[in-house]
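One structure is given here, and the rest of the page talks about it.
The values are calculated or read from the model by the stated rules, or taken from the named source; none is laboratory data. Worth saying up front: this structure is predicted, and the values here are computed from it rather than measured. Using ideal geometry, Cβ is built from the backbone for each residue, glycine included, and neighbour counts are taken over all protein chains shown. Surface areas here come from the heavy atoms of the whole protein model, side chains and all, with no ligands, DNA or RNA. Shrake-Rupley method; radii C 1.70, N 1.55, O 1.52, S 1.80 Å.
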Amino acid sequence: MTTRQGRIFFFSFGAVLAIVGGLMWHWGEPAGLWTLGLAGCACIAVSAVLSDALFEKTIKFLSPFW
């Protein structure tokens, strides 16, 4: 996966997590905001802020955990 495709995927994944977390929080589940919402925001931040080299290192570090 190229860096551009990886960034788009990671950004999309983070957006879905943040939306699901926000909906869970809206429906009365406070853990949704703190778990999924913040994890989604972290994914969005990683994909938007890090340089290409740091992004690749982050993905290689996180890939064994999922």
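Here are some notes:
- Residues satisfying the stated conditions in segment 40-66, i.e. of a type outside the set (A, V, I, L, M), modelled with pLDDT of 80 or more and assigned to a loop (DSSP other than H, G, I, E, B): SER51
- Filtering GLY37, GLY28 for residues that are in a loop (DSSP other than H, G, I, E, B) and either open to solvent by less than 70 Å² (accessible area, probe 1.4 Å) or without any contact (Cβ under 8 Å) to a residue 12 or more places away in the chain (or both) leaves a single hit, GLY28.
- Complete set of residues in segment 40-55 that are among the hydrophobic types (A, V, I, L, M, F, W, C) and either touching a Ser or Thr at 6+ places or on another chain (Cβ under 8 Å) or surrounded by 15 or more Cβ atoms within 10 Å (Cβ to Cβ) (or both): CYS41, CYS43, ILE44, VAL46, LEU50, PHE55
- Inter-residue pairs, beta-carbon under 7 Å, first more than 10 Å from ILE44 (Cα to Cα) and in contact (Cβ under 8 Å) with a residue 12 or more places away in the chain and in segment 5-24, second open to solvent by 70 Å² or more (accessible area, probe 1.4 Å) and in a helix (DSSP H, G or I), 6+ apart: GLY21/THR35
- Within segment 21-49, the residues that satisfy the criterion of being of a type outside the set (Gly, Ala, Ser) and under 25 Å from ARG4 (Cβ atoms) are CYS41, CYS43, ILE44, VAL46, VAL49.
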